[in-house]
Each structure stands twice: as C-alpha cells, then as structure tokens.
Amino acid sequence: MRSEQTPVLIVGAGLAGLTTALFLGQHGVPAIVADRHPGTANQPKARGQSPTIMEAFRTAGVADALLAAAPPGRPEMTIVICDSITGTVLHQYNEHVPHFAALSPSPSGLASQQAAEAAIAARATELGADLRFRTVLDSLRQDDDGVTATLHDLGTDQRYQVRADYLVGADGGRGTIAGEVGIGHHGRGAFGHTTTVLFRAPELIDEVPDTAILMYYVQNPQLPNGSASFVSTDHPGEYVLGINDDRERTEAEVVEVIRIAAGRPELKVEVCNMGTAWEIAHRVADRFSAGRVHLIGDAAHLMPPTGGQGGNTAMLDGMHLAWKLAAVVRGEAGPGLLDSHDAEQRPYGQTIADWQYANMFERLQPDQRPDDLPEVPDPVQGLFGYRMASRAVAGGTDGYGFELPAGRPGTRAPHVVLHRGDEMLSTRDLFFAGFVLLTEDPDWAGAAEQVAAELAVPLAVHRIGAELTDDGTFRSDYGLSDCGAVLVRPDGVIGWRSTTIADRDALDAAWRQILDR
Ligand SMILES: Cc1cc2nc3c(=O)[nH]c(=O)nc-3n(C[C@H](O)[C@H](O)[C@H](O)COP(=O)(O)OP(=O)(O)OC[C@H]3O[C@@H](n4cnc5c(N)ncnc54)[C@H](O)[C@@H]3O)c2cc1C
C-alpha cells in the first residue's frame with residue numbers, strides 16, 4: 001500500500017478542520033485534510049462568525065471574503081415564532097447584529113457556513129493545505145512516534161496510508177475518531193433530529209422581512225413533531241426548512257411539509273437539495289486529547305443550535321490548536337504544550353455547550369425548563385471573557401473562569417486602539433501570526449529580543465509610545481505601569497505579564513514554561 005508522510009493529518013473539512021488547516025498554514029506547517037464529502041458545504045447551515053474569530057481571520061486574510069459574503073437585506077436579525085410563515089405571528093423580535101466595539105475591532109461576520117467554508121478552504125489551500133475530498137478515514141493506529149491512518153480515496157477506490165506526527169479529529173458530531181482512541185462523551189443527551197431542505201419559493205419574498213438573518217420557528221401540529229424552522233439564505237426566494245425528524249421522504253412529501261410550514265397549500269416549490277439529518281444534542285467529550293490525537297469542533301462538543309455558537313466554537317478550537325501543533329512540529333515547543341489543548345478548550349467547549357442547552361429552554365420551551373439547568377456566563381463574558389488555565393499560561397490562575405479582559409494571564413489580550421502614523425489599528429491586529437511582546441519600556445523590548453533569539457522563537461516586539469501610539473488607555477487596559485510587559489501567545493491570549501522593570505530571566509522562565517522547554 002502506498003504511504004505518505006505529513007506533520008498533521010486533519011480528518012474533517014468542516015469549519016473546525018478547515019480553520020485548523022488555515023492557521024497551520026499561517027504558522028508555516030502544511031497539513032493534509034481528508035473529508036468524505038465531494039466538497040465544502042452545499043447548504044447554508046450555520047450563519048455568523050463572532051468578532052473573536054473574525055479578528056484572527058483578518059490576520060489570516062479571510063475576513064474580507066467573509067464580510068463580502070454577507071447576505072442581502074438589512075443587517076438585522078428577525079426571529080419569528082408563528083403557526084405558519086404567512087399565518088399568525090405568536091411572537092417576533094428584531095435585533096441589531098451586535099458590534100462589540102469596545103471589545104473588538106472586528107464586526108461580526110454574517111456569511112453562511114457554506115460561504116465561510118469555501119472562503120477558508122481557498123485561503124488554507126493558498127497557505128499550503130492539501131485538501132482531499134471524497135477521502136474517508138478507514139482506520140487509525142497510534143504509537144509513541146506518530147499516527148498511521150488508512151485513507152480511502154472514493155474517486156479511485158484506492159486505499160493508502162498516511163503517517164502523521166499528529167492527527168486532528170474534526171470529524172463532526174457523528175465522528176468515530178473519539179471512540180477509536182478511547183474517548184467517551186457525557187452530556188444531557190439527544191433531543192431529536194432535524195433534516196434540512198434547501199428550496200426555492202419566490203412567492204414568499206414579499207411575505208417575509210427583508211433582514212440579513214431571518215429565522216422562523218413554526219409551531220403547528222400538522223408538522224412532523226409539531227414544529228419546523230425556516231431560514232433565509234444568500235439568495236432572495238431561496239430558503240431552508242428544518243424538518244424536525246430524520247425520516248426519509250420523497251420530494252412530493254417534502255413539498256407537502258414546506259406548504260404546511262408556509263401556510264400555502266398551493267405554494268410553488270422547487271426543491272434544490274435535501275440534506276442529511278443532523279442530531280440536536282448536548283454531548284461533550286470526556287477528554288479532548290488522547291496521545292497524538294486531538295479532538296475539535298462538534299467531535300469534541302456537540303451543542304443545540306440555539307445561540308449559533310457551534311460553528312464559532314469549532315473555528316476557535318482550530319485557531320487555538322493550530323499554533324500549538326505548529327510550535328511543536330517546528331521544534332520550538334516540547335510536546336507537553338499540546339496538553340494545554342484539553343486543559344484550555346474543554347472547559348470552554350463545555351461552557352458554551354451548556355449555554356446553548358440553556359438557551360434551548362429559554363427560547364423554545366420555557367415551560368419545560370429543567371430544575372438543574374447549568375449555570376452559564378452572560379453572553380458577553382461567554383464570548384470575550386474566558387480565562388483559561390494551563391501550563392501554557394505562566395503566572396495565571398489555578399482554575400478557569402470568566403471575566404472581562406483586563407490584562408490577566410489566560411484572558412484575551414484587550415483591544416486597544418493604536419496609531420501607526422495616519423493608520424489606525426487595534427492591538428488585536430498585531431496577533432495571530434506568532435508571539436508578540438507589548439511594552440512601553442525600551443529595556444523590556446531589548447530583553448525580549450535577546451530571549452527570543454536564545455530560544456530561537458520568532459517574536460514581534462511592539463513598543464507602545466514609540467512606533468505605535470495609543471490614546472492613553474494601553475497601560476490601564478493591560479494592567480501595566482510605565483514599566484512592565486505582556487507576552488501574547490499566537491492565539492491572542494496573554495501568556496504572561498510582568499509589572500516590574502525589565503527582567504530577562506523572568507521572561508525566559510515564563511516562556512519556557514509556556515513552550516514546555
Ligand atoms: C444543517 C445544519 C444546520 C446547522 N445550523 C446551525 C446553526 O444555525 N447554528 C449553529 O451554531 N450550528 C449549526 N449547525 C452546527 C454547526 O454547523 C456545527 O457546529 C459546525 O458545522 C461544526 O463544524 P465541524 O467542523 O466540527 O463539524 P462538521 O461540519 O460536521 O464537519 C465534519 C466533517 O467530517 C467529515 N468526516 C466525518 N467522518 C469522516 C471520516 N471518517 N473520513 C473523512 N471525513 C469524515 C464529514 O464529512 C464532515 O464534513 C448546523 C449543522 C447542520 C448540519
């Protein structure tokens with residue numbers, strides 16, 4: 001059997017796997033990505049990219065494509081609860097798509113998952129990723145030195161082996177990799193299935209609001225399991241109906257369900273494609289890593305769609321994992337750095353899954369709310385306030401938590417407006433390509449350059465008040481004085497902070513801890 005080598009094999013070319021490949025490419029490590037489908041998503045699926053991932057996409061050269069892929073209509077979200085699309089509205093609310101200008105320089109992206117996957121895939125390929133569609137992972141085996149995967153090329157019906165230093169399990173909610181490496185799951189269970197149908201019905205254009213994000217929850221006893229969801233797409237007159245079961249239907253039966261949901265028995269409907277059923281469930285992996293295999297995205301944390309964080313959390317997982325894999329593969333970090341994937345991403349994935357689970361009751365079934373709903377952070381803290389705790393954070397806290405960013409190790413490095421000549425930028429624009437040291441103190445800048453050279457790790461040193469100026473908030477927002485420095489990891493997280501005068505040895509010790517050296 002033919003055999004190939006790669007530093008990283010990613011199984012799954014959804015949002016999680018593609019984002020990992022993109023940032024691995026950004027950090028100079030090419031990956032092979034295998035997916036059984038013929039290409040990226042063929043339905044809109046999840047919509048929206050949070051500012052926290054859009055910031056990273058800015059540096060990686062994807063954000064403009066995602067902003068350009070925003071759907072037509074007013075930049076608003078309309079959610080309607082009704083008995084049919086053209087029938088009685090039981091409840092409706094309109095919300096502006098939030099822009100957290102104090103916390104991030106990036107607006108939210110509004111691209112569909114279909115457009116996002118295509119854009120990320122294109123950029124990942126430019127950066128060196130080798131995307132192999134119609135390719136299935138048949139089996140995997142790991143030993144102390146690597147992972148051997150057998151891939152099946154469905155196009156040629158040939159099987160071949162790939163030997164990888166690391167394997168990323170981005171194989172989604174129905175993935176098998178977790179089970180193959182002995183990782184179990186826990187959670188609140190499964191709540192049903194939704195089968196999504198993409199269809200055209202131009203007659204509905206005048207019946208529904210002209211907003212960028214449109215979502216109807218239709219409650220009607222004639223529908224399968226009494227309800228359905230209806231969302232707009234990037235093309236006026238084209239919609240997705242979520243039928244709440246996993247029954248196989250003929251096209252005529254599907255059209256019948258669409259007409260009930262629309263409240264129009266004679267509606268002209270053209271079915272574009274019938275998707276496969278997906279499970280609505282709350283299920284989190286007991287561990288996110290086993291040896292050289294690391295889980296991300298739905299494979300690690302499947303959550304109900306209420307709140308739109310499944311896709312965002314999948315992309316964030318990929319971005320946070322990629323720099324660690326790259327640092328180890330490039331010999332800049334010891335393998336222990338990868339232990340932080342489980343320590344950092346699992347509490348976050350669990351919290352976000354809990355949040356979406358709680359939302360499911362708050363939004364859709366308030367009368368069935370269980371007594372033991374998990375406690376969840378408020379949405380702003382959930383998005384921006386995660387404080388991670390692991391060996392890859394030096395001088396951090398013992399446990400994780402949620403707090404608004406104020407420069408503490410383990411939290412996201414705060415967004416501060418900076419100026420470079422006439423150009424206005426954010427501290428966040430300086431991150432995501434490698435380690436960054438921010439300081440006002442020239443002695444710290446010199447010490448950091450020396451330590452970086454000794455460790456042979458690329459570092460960008462930025463002196464605030466010299467090449468970059470601020471509006472007087474940098475010090476207080478980062479918890480510094482006229483001396484001190486912060487070391488920001490390549491994922492925009494504060495890895496270490498000093499509030500003293502330049503101390504080369506302290507930086508050396510902290511950075512070595514982060515890098516497991
Ligand atoms: C129709 C639909 C609508 C959704 N709507 C929303 C929403 O509105 N809001 C929200 O937050 N979330 C939504 N979700 C969930 C959201 O899309 C997911 O959270 C997100 O896509 C997870 O990305 P992922 O990369 O982890 O997994 P996936 O996108 O599932 O990707 C996994 C990939 O792995 C591949 N794969 C699996 N096993 C193998 C194998 N053995 N060999 C090769 N390839 C393999 C699959 O082909 C698949 O492409 C929706 C999901 C679906 C399906």
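The values are calculated or read from the model by the stated rules, or taken from the named source; none is laboratory data. Please read all numbers here as calculations on a predicted model, not as lab measurements. For neighbour counting, all protein chains shown are included, and Cβ atoms are generated from backbone atoms with ideal geometry for every residue, glycine included. When the accessible area is computed, the model is the full protein with side chains, heavy atoms only, and any ligands, DNA or RNA have been set aside. Shrake-Rupley method; radii C 1.70, N 1.55, O 1.52, S 1.80 Å.
Taking Leu90 as the residue in question, decide whether it is under 24 Å from Pro414 (Cα atoms) and more than 11 Å from the ligand (Cβ to nearest atom).
On the way: under 24 Å from Pro414 (Cα atoms): no; more than 11 Å from the ligand (Cβ to nearest atom): yes.
When the stated conditions are applied, Leu90 does not pass them.
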query: What do you reckon, is Met360 under 25 Å from Ala121 (Cβ atoms) and within 16 Å of the ligand (Cβ to nearest atom)?
result: no
statement: Filtering the range 27-46 down to residues that are open to solvent by less than 50 Å² (accessible area, probe 1.4 Å) and within 11 Å of the ligand (Cβ to nearest atom) yields Val33, Ala34, Asp35, Gly39, Thr40, Ala41, Gln43, Pro44, Ala46
Pair list, Cβ < 8 Å and 6+ apart or interchain, from the range 299-310 residues that are over 15 Å from Phe361 (Cα atoms) and in contact (Cβ under 8 Å) with a residue 12 or more places away in the chain to residues that are open to solvent by 20 Å² or more (accessible area, probe 1.4 Å) and more than 7 Å from the ligand (Cβ to nearest atom): Ala300/Arg346; His301/Arg283; His301/Gln350; Leu302/Gly187; Leu302/Glu279; Leu302/Arg283; Gln309/Trp355
- prompt: Considering the range 225-236 alone, what residues qualify as being surrounded by fewer than 17 Cβ atoms within 10 Å (Cβ to Cβ) and either among the aromatic types (Phe, Trp, Tyr) or more than 28 Å from the chain's Cα centre (by Cα) (or both)?
  reply: Asn225, Gly226
The listed residue being surrounded by 15 or more Cβ atoms within 10 Å (Cβ to Cβ) and within 11 Å of the ligand (Cβ to nearest atom), out of Leu127, Leu137: Leu137
- line: For the range 477-499, pairs from a residue that is under 18 Å from Ile514 (Cα atoms) to a residue that is among the polar types (S, T, N, Q) and assigned to a strand (DSSP E or B), with Cβ under 6 Å and 6 or more apart or across chains, are Ala485/Thr439; Ala485/Ser498
message: I'm told Gly331 meets every condition in (1) closer than 28 Å to Leu24 by Cβ; (2) surrounded by fewer than 22 Cβ atoms within 10 Å (Cβ to Cβ); (3) in contact (Cβ under 8 Å) with a residue 24 or more places away in the chain except one. Can you identify the failing condition by its number?
response: (3)
query: Quick check, is His96 within 21 Å of Asn312 (Cβ to Cβ) and modelled with pLDDT under 95?
result: yes
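Any residue that is assigned to a loop (DSSP other than H, G, I, E, B), within 17 Å of Gly310 (Cβ to Cβ) and open to solvent by 20 Å² or more (accessible area, probe 1.4 Å) - is there at least one of those in the range 363-374? Give the steps one after another, and end with the answer.
Initially, the range 363-374 is screened for residues assigned to a loop (DSSP other than H, G, I, E, B), giving 365, 369-374.
Next, only the ones that are within 17 Å of Gly310 (Cβ to Cβ) stay: 374.
If we keep only those that are open to solvent by 20 Å² or more (accessible area, probe 1.4 Å) as well, we get 374.
Scanning the range 363-374 turns up at least one residue that is assigned to a loop (DSSP other than H, G, I, E, B), within 17 Å of Gly310 (Cβ to Cβ) and open to solvent by 20 Å² or more (accessible area, probe 1.4 Å).
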message: Quick check on my filter: what residues within the range 99-120 are in a helix (DSSP H, G or I) and surrounded by fewer than 21 Cβ atoms within 10 Å (Cβ to Cβ)?
response: Gln114, Ala118
task: Could you figure out which of (1) over 17 Å from Trp496 (Cα atoms); (2) surrounded by 14 or more Cβ atoms within 10 Å (Cβ to Cβ) isn't true of Asp422?
output: (2)
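Listed here are the residues, each with its yes/no results for (1) open to solvent by 30 Å² or more (accessible area, probe 1.4 Å); (2) touching a residue at least 40 places away in the same chain (Cβ under 8 Å).
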residue	(1), (2)
Asp210	yes, yes
Tyr216	no, yes
Gly242	no, yes
Glu248	yes, no
Glu253	yes, no
Ala262	no, yes
Thr276	yes, yes
message: Condition check: of a type in the set (Asp, Glu), closer than 23 Å to Ala102 by Cβ and crowded, with 17+ Cβ neighbours inside 10 Å. Does Glu403 satisfy that?
response: no
message: Taking the conditions exactly as written (within 9 Å of the ligand (Cβ to nearest atom) and more than 27 Å from Asp516 (Cα to Cα)), does Gly318 satisfy them or not?
response: no
query: Out of Gly318, Gly297, Gly308, which single residue is open to solvent by less than 10 Å² (accessible area, probe 1.4 Å) and at positive phi?
result: Gly297
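In the range 1-54, how many are among the aliphatic types (A, V, I, L, M), under 28 Å from Gln142 (Cβ atoms) and at pLDDT below 95? Before you say what the answer is, go through the steps one by one.
From the range 1-54, those among the aliphatic types (A, V, I, L, M) are 1, 8-11, 13, 15-16, 18, 21-22, 24, 29, 31-34, 41, 46, 53-54; that's our starting set.
From the residues that got through so far, the ones that are under 28 Å from Gln142 (Cβ atoms) too are 1, 8-11, 13, 15-16, 18, 21-22, 24, 29, 31-34.
Now restrict to residues that are at pLDDT below 95: 1.
Residues flagged as among the aliphatic types (A, V, I, L, M), under 28 Å from Gln142 (Cβ atoms) and at pLDDT below 95 within the range 1-54 amount to 1.
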- line: Output for Cβ contacts, cut-off 7 Å, separation at least six or different chains, first residue of a type in the set (Ser, Thr, Tyr) in the range 183-200, second open to solvent by 60 Å² or more (accessible area, probe 1.4 Å) and part of a strand (DSSP E or B), reads Thr194/Trp278
